[in-house]
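Nothing in this text is a laboratory measurement; each read-out follows from the coordinates by a stated rule. Just so we're clear, the structure is a prediction, and the values are computed from it rather than from any experiment. Cβ atoms come from the backbone with ideal geometry, glycine included; neighbour counts cover every protein chain shown.
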Number of protein chains: 2
Amino acid sequence: MKSNQPAGEFGLIAWIRERERDRIRTGHSTGLTRLGIGDDCAILGVPAGTELLVTTDMLMDGRHFDLESQGGEAVGYKALGVNLSDIAAMAGIPRSAVVAVALPKAQALSLAQSIHAGMSRLADRFEVDLIGGDTNAWDGPLVISVTVLGEATPRGAVRRSGACPGDTILVTGSLGGSLIGRHLRPEPRIAEALALHKAAPIHALIDLSDGLSSDLGHILEESGGVGAELDAAAIPIHDDAILMSRRDGISPIDHAMNDGEDFELCVTMATADADRLLAQPPLGMTLYRVGEITSEPGLRLRDFDGRLVPIHPAGFDHFRAGR
Amino acid sequence: MKSNQPAGEFGLIAWIRERERDRIRTGHSTGLTRLGIGDDCAILGVPAGTELLVTTDMLMDGRHFDLESQGGEAVGYKALGVNLSDIAAMAGIPRSAVVAVALPKAQALSLAQSIHAGMSRLADRFEVDLIGGDTNAWDGPLVISVTVLGEATPRGAVRRSGACPGDTILVTGSLGGSLIGRHLRPEPRIAEALALHKAAPIHALIDLSDGLSSDLGHILEESGGVGAELDAAAIPIHDDAILMSRRDGISPIDHAMNDGEDFELCVTMATADADRLLAQPPLGMTLYRVGEITSEPGLRLRDFDGRLVPIHPAGFDHFRAGR
């Protein structure tokens with residue numbers, strides 16, 4: 001029998017545990033969970049030869065979301081979604097999640113239930129088991145931290161570090177202006193990453209969380225100091241970037257390059273492979289060619305006048321920028 | 001070359017990554033890490049047949065520590081320590097940790113470095129690789145969330161759920177009054193749990209984080225509604241419990257039963273095994289017989305006058321208690 005009125009911390013844990021029991025695919029070939037919520041640790045059975053992927057992301061009220069206007073469900077969805085996006089960024093398959101929360105005391109129970117509801121939407125779709133967590137209440141703002149475990153496919157995980165001069169750079173969707181609302185509803189590109197990984201050797205892969213300039217910068221750095229040339233006319237600009245540009249006077253291309261939280265994939269691969277996939281995208285996915293990797297270090301943008309201008313990554317630095 | 005003056009979030013990540021590279025035991029038989037800090041996910045190579053353990057704990061300033069008086073190193077130590085204690089509570093071996101932080105903006109960098117120093121003391125001792133994390137800064141108080149991965153031994157993980165009527169209940173150290181300062185310096189009973197698990201079949205195991213009454217209550221509940229009888233005269237009372245009793249008038253035995261954050265182990269096993277281990281404790285560890293499991297449900301305490309009184313778990317409920 002499922003109770004609808006959890007009391008106290010242990011009541012809440014029992015409430016979540018009841019709801020998660022159905023989701024645990026113990027015994028199924030795809031599930032790893034041997035023991036879920038309710039002990040000191042969860043237990044996973046990991047098949048021989050598996051490369052396990054681990055990622056963690058923390059979201060804070062007033063920084064990554066606004067609880068009062070957006071509500072707990074949106075927070076739960078985003079908190080799991082951004083972590084699933086990191087699994088996609090390795091071309092992996094998400095399997096399990098643990099969730100730690102600091103809940104504002106006055107509404108701890110109802111808020112935890114909303115967060116769980118938002119998280120469940122993604123957990124159901126992507127077959128992720130919620131295997132454990134830590135529930136706290138305090139006088140401070142809502143903080144939520146999610147760790148997701150996933151598996152690499154037999155083709156291996158795709159790192160940031162394999163970009164080669166001459167590679168074509170692709171992105172899976174239009175960019176910029178996500179703060180208008182899209183940043184709350186990340187669409188983890190799990191299926192897209194797996195399909196690309198199957199269709200061609202991916203050299204380097206990252207998800208666009210900090211912004212194209214900054215995240216592509218990570219690829220360049222990790223790939224041993226190669227460079228990149230982006231083509232402003234080829235970068236897909238989201239309608240939200242145009243909308244924001246009208247409000248703040250910053251150009252749409254700047255929004256597309258620097259806003260972040262697009263949660264699209266940025267991929268590099270050999271040009272022949274890229275041409276083939278652009279002509280016939282796997283799963284019918286959206287795919288844009290935005291530039292190429294160069295042996296000359298640094299990031300450059302060919303602007304709308306055809307001039308090549310150096311770009312300094314200006315994506316999101318959590319220690320500096322405000323929201 | 002190790003830099004000593006990290007700048008911004010990415011500077012901090014590079015600073016931590018440099019320091020963690022030495023700790024990563026890639027290629028060694030005991031390490032799981034194939035890829036540490038610096039990509040979208042960490043990658044672990046998990047040996048065939050491994051049962052993987054996963055646990056997470058979040059600590060908040062003003063709730064689990066007081067940053068101003070105790071400092072960042074103590075916070076880092078405790079944040080990793082309480083998670084290692086959960087691995088001990090399954091008789092497992094800790095391997096990897098990911099850390100997410102919300103840092104007060106004014107001192108984000110120096111605080112992150114102190115936290116890392118405190119964490120490193122335990123990571124070094126227990127050979128835990130710090131494989132990833134998420135660094136954030138904000139106007140709120142310090143929040144830190146750690147997820148630890150471990151391995152069960154070939155004997156399997158020990159759950160809370162195996163207590164049998166007639167089992168002897170043991171604890172590994174004296175209890176109560178940890179708030180005086182001990183709660184900041186948890187000593188993860190990893191070696192003790194492994195030694196006990198090797199010396200005798202452990203039926204049920206938990207670490208004392210919420211308090212003996214509450215944590216033993218979890219064992220009783222998970223073991224299908226068995227009960228327990230504790231002997232007040234046998235419960236080892238920490239000097240800190242006596243000190244706190246003088247201050248607040250609450251009896252030392254109540255402190256020992258309910259304070260929590262002792263991070264000692266509570267173990268149940270067959271009486272013959274317990275007698276043997278009490279006579280000759282493995283590793284020369286401290287070991288106390290505190291009571292026994294009963295078929296009659298509920299938790300009872302034989303008080304100092306020999307009367308048997310029912311006990312209602314009064315351990316730490318994060319949604320209710322204050323610090």
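For the peptide A:147-154, the mean number of other protein chain Cβ atoms found within 10 angstrom of a residue's Cβ is 3. Does the range B:1-126 come out rounded, prolate or oblate, given a ≥ b ≥ c as the square roots of the eigenvalues of its C-alpha gyration tensor, rounded meaning a/c under 1.5 and, failing that, prolate meaning a/b above b/c? Because a/c hits 1.5 or more and a/b fails to exceed b/c, the range B:1-126 counts as oblate. For the range A:141-210, applying the loop criterion from DSSP together with a ceiling of 16 other beta carbons within 10 Å to the trypsin sites (Lys or Arg not before Pro) yields A:Arg155. Among A:Met60, A:Met90, A:Met119, the residue with the largest mean-square fluctuation in a Gaussian network model of chain A, with springs joining Cα atoms closer than 10 Å, is A:Met60. Taking the C-alpha atoms only, the angle from helix B:67-88 to the longest principal axis of chain B is near 60 degrees. With an a/c value of 1.5 or above and a/b not larger than b/c for the gyration tensor axes a ≥ b ≥ c computed over the alpha-carbon atoms, the range A:170-240 is described as oblate.
Sorted ascending by nearby beta carbons within 10 Å, beginning with the fewest, B:Glu192, B:Glu127 become B:Glu127, B:Glu192. Between A:Ile131, A:Ile13, A:Ile115, the GNM of chain A built on Cα springs shorter than 10 angstrom shows A:Ile13 fluctuating the most.
Sequence-distant contacts, meaning Cα pairs under 8 Å at least 6 residues apart, place the relative contact order of chain A at 20 percent. Both radii are taken from the alpha-carbon atoms of the protein assembly as shown; with Rh as the Kirkwood radius, Rg/Rh is 1.00. Overall form of chain A: oblate. Here a/c, set by the Cα gyration tensor axes a ≥ b ≥ c, is 1.5 or more, and a/b is not larger than b/c. Have a look at the DSSP beta bridges in the range B:166-318 and tell me what percent are antiparallel, nearest 5. The answer is about 75 percent antiparallel.
Inter-copy label distances for B:Gln107: 3.2 nm (label point placed 7 Å from Cα along Cα→Cβ; shortest first).
If you plug the beta carbon distance of A:Met285 and B:Ala117 into 1/(1 + (r/R0)^6) with R0 = 51 Å, you get a FRET efficiency near 0.65.
For the peptides B:161-167, A:209-215, residues were scored by their other Cβ atoms within 10 Å and the scores averaged per peptide; the highest-first order is A:209-215, B:161-167. Taking every residue in B:129-141 and counting other chain Cβ atoms within 10 Å of its Cβ, the average works out to 6. Note on B:Leu130, B:Leu299, A:Leu194: ascending count of other Cβ atoms within 10 Å places them as A:Leu194, B:Leu299, B:Leu130, the fewest first.
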